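Reading through the structure tokens given below for one structure.
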Amino acid sequence: MQQKISAKDRIVQAARQLFAEHGFHRTSMADLANFAQVSVGAIYRSFPSKSEIIREIILAETQETLGQLKTAIEQVRSGEVGGNAAVERMIFQWVSERSDALEHEVVAEAHRNPEIASMITEICGQFRDLFRILARLLHPGLGDTETEGVAELLLACLFGMGNREFTHPRLTEAQTAATVALLILRGAQAIDQ
């Protein structure tokens, strides 16, 4: 028996789709209410502003990605998965499970809204911390600067891989993941030696 989706969850799901299709500022609360099949009042009871809706979207997506990264680190640490396979799998997820348009809306809003910018800065710090751990697990001999470089490169991949939709790449998602992981790890290995 399937549980009913709460009004708050319907609002967030509707917002994801409408913000991606029409943009954050061109989506009215009435449009959102209609799409989510709730009243405008229900939206404001759950979220005082559109910024709070986008904040909820960022938190949900970030927690999922951070969880996947933590799992990958534990799998590498335990020897369950090799480093190359873990990095390749992470990059493949970033390439294939992204909503490009929504991501662009969030980044654009961060340029206008200091609260959203601060939230993204904090989230990027969490990713950098985990990428540093992964870099040192894979290449214990890396110095601080090189470890930071690997963390920055992985963060750039996380953000940049969401832009593949409109760039028409020559490589498939799987080829991209395999090649980028190999290049990152070879680069780190060359520095480590």
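The values are calculated or read from the model by the stated rules, or taken from the named source; none is laboratory data. Remember, predicted model here, so these are calculated numbers, not experimental data. No Cβ is skipped: glycine too gets one built from the backbone with ideal geometry, and neighbour counts run over all protein chains shown.
Against the definition (free of Cβ contacts under 8 Å to residues at least 24 places away in the same chain and aliphatic (A, V, I, L, M)), how does Leu155 come out, yes or no?
no
So that you can scan it fast, the table gives a plain yes or no per residue for (1) aromatic (Phe, Trp, Tyr); (2) assigned to a helix (DSSP H, G or I); (3) buried (at least 16 other Cβ atoms within 10 Å of the Cβ):
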site	(1), (2), (3)
Leu142	no, no, yes
Thr145	no, yes, no
Glu152	no, yes, no
Leu158	no, yes, yes
Arg164	no, yes, yes
Gln175	no, yes, no
Ala178	no, yes, yes
Leu185	no, yes, yes
Ala188	no, yes, yes
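Scan the range 103-122 and report the pairs whose first residue is more than 15 Å from Phe19 (Cβ to Cβ) and whose second residue is not acidic (Asp, Glu), with Cβ atoms within less than 6 Å and a gap of 6+ or a chain change.
Ala117/Ala110; Ile120/Ala110
Based on this model, can you work out whether Gln37 counts as at positive phi, modelled with pLDDT under 95 and of a type outside the set (Phe, Trp, Tyr)?
Spelling it out, Gln37 is indeed at positive phi, modelled with pLDDT under 95 and of a type outside the set (Phe, Trp, Tyr).
Please go through the range 81-102 and give me each residue that is more than 21 Å from Arg186 (Cα to Cα) and free of Cβ contacts under 8 Å to residues at least 60 places away in the same chain, ordered by number.
Glu97
In the range 60-89, what residues are among the aliphatic types (A, V, I, L, M) and modelled with pLDDT under 90?
Answer for the range 60-89, where residues must be among the aliphatic types (A, V, I, L, M) and modelled with pLDDT under 90: just Ala60.
Could you please find all residues in the range 22-32 being surrounded by fewer than 20 Cβ atoms within 10 Å (Cβ to Cβ) and at pLDDT 90 or above?
Selection gives His22, Arg26, Ser28, Met29, Ala30, Asp31.
For the range 130-161, how many residues are out of contact with any Lys or Arg (no Cβ under 9 Å at 6 or more places or on another chain) and more than 22 Å from Ala190 (Cα to Cα)?
Adding up the residues that qualify gives 3.
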